[in-house]
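Visitor: Input: one structure, supplied below.
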Amino acid sequence: MNLVRQIVILLVCGLLLFGPSTVAFATEDIWGGFLPMGEYYTMLDPEGNVLMETGREIYLQDQYLTSDNSLYEVVEIDEENKTARTKLVEKVQLEIISINRLRQELGLTVIEAAKNGSKGRIALYHTHNAESYVPTDGTDSIYGRGGIHHVGQVFADSLAERGITVDYSNALHLPHDRGAYRRSRETVLELLASHPDAIFDIHRDAAPQSAYAIELQDEWMTQVHFVVGRQNQNLGVNRKYAQSLKAIADEMYPGLVKGIFYGRGNYNQDLSPLSLLLEAGAHTNSRPAAERGISLFAEVVDHYFYGPTAEAAGHEQGAVASRSILGVLGFTITLSVVIYVINTGGFGPAWERATALLRRRRLK
Amino acid sequence: MPALPLSVTMLAVVTVLLFLGLGQRILDNMRLTDRTAILILLLMIVGHFLPTVSLSPYLAINLGGFIPIGVVVYLLMTTSRVEQRRAGIVSLLTALIILLTDKFLPLQPGLLDPLYSGGIFAGLLASFMGRSRRGAFIAGMVGVLAVDVVAIAELWFRGVKERITVGGGGIFSSMVISSFLAVVVAEVIGEVRERIKLGGDESG
């Protein structure tokens, strides 16, 4: 078949698929990606007790740190019953690693240490703008800015009341599909341009009401759940960061942080360390409950970043710079080796050429 | 010390490596000279720092976004008609597959992360439809761009009048990552095929 005909056929296929699909997507979410509402994944411990219920897909090797700091790893998935069985990895002794000490561990980028006594900047955004709370918003999803934006605004206001500069992006990343993370990447990059101290992607989960409901300070509210992506180079720092935040929250408001889910995925956390995805309650909780929970969490964030546990690190900036240079050198050398091997057509030829070069130099 | 974006640092490192003559094989397969490749990378670094300009209450354009698009146009203009058509087909197919996976796969990015899927599909398709690294680069970028255009169309169709920023994100935007990843995938597949073919010739 000649190429012109191939092109025409493909263009027609493209129009047939893109055209109606755009209309279909525009009229309803016919291919919604989360588990259907009412269906949840249940994570079980080795004894069969429920650790977590979530609308999020769970994969093998995903890990979960419970509210009492037991770390479990998924070893078996039952797709039919939507259950995930785990094994206990360890009981974690949470350590509060100060924000400035975490910054010192960041290898490739040079980051200015926070100045003593001043509060910095926190960035917020929503990848899944449509997420809403059924008891308050009447639906679990609003095409546009859903109930989650109200929760985000409360979080932003609570941080701002404490003297923190907040960059809150209301940018839309619709349609509500998995491409939203690709679209929200642009938002993250825009927010990172002003060098925030941390960045949060605020979501809500899909789970039974009881999964997130908690009574704190004589009020019913929702817990906050952390999600850390396992598939990015910042996993190590983000793990310590999430655990440190949880440790502070456990001291200030025991039970406020539901747990930490280490899930498969990037979640744009490769763009910056100190990047966390928050689940503020579930669709079955009321929005005011989620707002109360996130408002308390703002206090935790303030305490961690700008409170007594944040140490001055100006005198250690030189060490940070040295580590950054080493990191760049390390990256350069690694990349050079990879490209050299590709160039010469394999490890064997690369080694032969390198040794031949060395022999020639020695003879000279 | 001022903080330098990691992406700019890494791109600068890649530029230096090309200047030193590394990556020659990949450039040869893309039919690019060292000079052209270095110029493209330098322009992308510069583009990272360009501002976003508002054209209307609903449309803004990040000037830096024009550079990778300009690179695609350059690659298309400096190749044969057959290659142009092939690149167009691969781009369309890549966009179709990205759209389908966006809609059919789970909402969370666990399986086949949406950041990398475009580049992988483009690299695979370009490899099996002409083994073109240039086509892979074009499809990686145009495929993702096309899906974003469909998303914008859907928003407007549903009456969501939102300010759209085109071309944002700079060097580490999903478009640019897709294009570079597509070339890497195509290169790896190409090398493996060559190895198999050479192995067959030697034993044959």
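Every number in this text was worked out from the coordinates using simple rules, so none of it is lab data. Treat the numbers as computed from the prediction; the structure is a model and nothing was measured. Cβ sites come from the backbone with ideal geometry, for glycine too, and all protein chains shown count toward neighbours.
Visitor: What whole-number volume per residue, in cubic angstrom, does the convex hull of the C-alpha atoms of the range B:33-81 give?
Guide: In the range B:33-81, the Cα hull volume divided by residue count equals 66 Å³.
Visitor: To continue, here is another question. On a 22 Å Cα-Cα criterion, which of the cross-link pairs A:119/A:246; A:258/B:103; A:240/B:103; A:91/A:258 come out too long?
Guide: The answer is A:258/B:103; A:240/B:103.
Visitor: A further question follows. Between residue A:165 and residue B:112, what is the label-point separation in nm under the 7 Å Cα-to-beta-carbon projection?
Guide: Between residue B:112 and residue A:165, the simple spin-label model gives 4.2 nm.
Visitor: Moving on to the next point. Which order, highest average first, do B:121-127, A:259-265, A:193-199, B:84-90 follow once you tally other Cβ atoms within 10 Å for each residue and take the mean per peptide?
Guide: By packing density, highest mean first, the sequence is B:121-127, A:259-265, B:84-90, A:193-199.
Visitor: Can you give the relative contact order of the range A:143-193 as a percent, counting alpha carbon pairs under 8 Å and 6+ residues apart? Numbers along the way, then the final one.
Guide: Details: 21 pairs, mean separation 16.2, N = 51.
Computed value for the range A:143-193: 32 percent relative contact order.
Visitor: Here's something else I'd like to know. Taking all pairs of different Cα atoms in the range A:122-222, averaging 1/r and flipping that mean, what Kirkwood radius in angstroms comes out?
Guide: 14.6
Visitor: Can you give the relative contact order of the range A:93-229 as a percent, counting alpha carbon pairs under 8 Å and 6+ residues apart?
Guide: Dividing the mean separation by the residue count of the range A:93-229 yields 27 percent.
Visitor: On to the next question. Provide a whole-number value for the mean count of partner chain Cβ atoms within 10 Å of the Cβ atoms in peptide A:296-308.
Guide: Average per residue, whole number: 0.
Visitor: In what sequence do A:257, B:150, B:144 fall when counting other Cβ within 10 Å, fewest first? Display every interim value, and only then the final one.
Guide: Working: A:257 26, B:150 21, B:144 31.
With the sparsest Cβ surroundings first, the list reads B:150, A:257, B:144.
Visitor: Something else now. Which aspartates and glutamates does residue A:82 reach when only Cα atoms under 13 Å apart count, and residues fewer than 8 places away in its own chain are ignored?
Guide: A:39, A:53, A:57
Visitor: Kindly rank B:73-80, A:123-130 from highest to lowest mean number of other beta carbons found within 10 Å of each residue. Mind showing how you got there, number by number?
Guide: Working: B:73-80: 13.9, A:123-130: 24.5.
Taking the mean over residues of other Cβ atoms within 10 Å, the ranking is A:123-130, B:73-80.
Visitor: Could you check how many percent of all C-alpha pairs in the range B:28-146 are farther apart than 24 Å?
Guide: It works out to 36 percent of all Cα pairs.
Visitor: In peptide B:114-122, what is the residue-averaged number of other protein chain Cβ atoms found within 10 Å of each Cβ?
Guide: 3
Visitor: Hey, fewest Cβ within 10 Å first, where do B:178, B:132, A:70 land in order?
Guide: By the 10 Å Cβ count, ascending: A:70, B:132, B:178.
Visitor: Okay, next question. Once the other residues with Cβ under 9 Å from the Cβ of residue A:298 are scored (Lys, Arg +1; Asp, Glu -1), what is the net sum? Walk me through the numbers on the way to the answer.
Guide: Details: positive: A:162; negative: A:157, A:161, A:299, A:302.
Residues near residue A:298 contribute -3 overall.
Visitor: On to the next question. Relative contact order of the range A:233-277: what whole-number percent is it, with Cα pairs under 8 angstrom and at least 6 residues apart?
Guide: Reported as a whole number, the value is 52 percent.
Visitor: From the Cα gyration tensor of the range A:232-297, with a ≥ b ≥ c the square roots of its eigenvalues, which class applies: rounded if a/c is under 1.5, or else prolate if a/b is larger than b/c, or else oblate?
Guide: oblate
Visitor: Oh, and also: Please list B:58-68, A:149-159 highest first by mean number of surrounding beta-carbon atoms within 10 Å per residue.
Guide: Packing order, densest peptide first, comes out as A:149-159, B:58-68.
Visitor: Between residue A:129 and residues 5 or more places away or on another chain, which pairs have amide H atoms under 5 Å apart, with H built 1.01 Å from N, and which residues are they?
Guide: A:173
Visitor: Here is a follow-up. Work out the mean other chain Cβ neighbour count within 10 Å for the residues of A:134-146 and drop it here as an integer.
Guide: 1
Visitor: Still on this model: Residue separation times 0.36 nm, minus the C-alpha to C-alpha distance between residue B:73 and residue B:56: what's the value?
Guide: 3.6 nm
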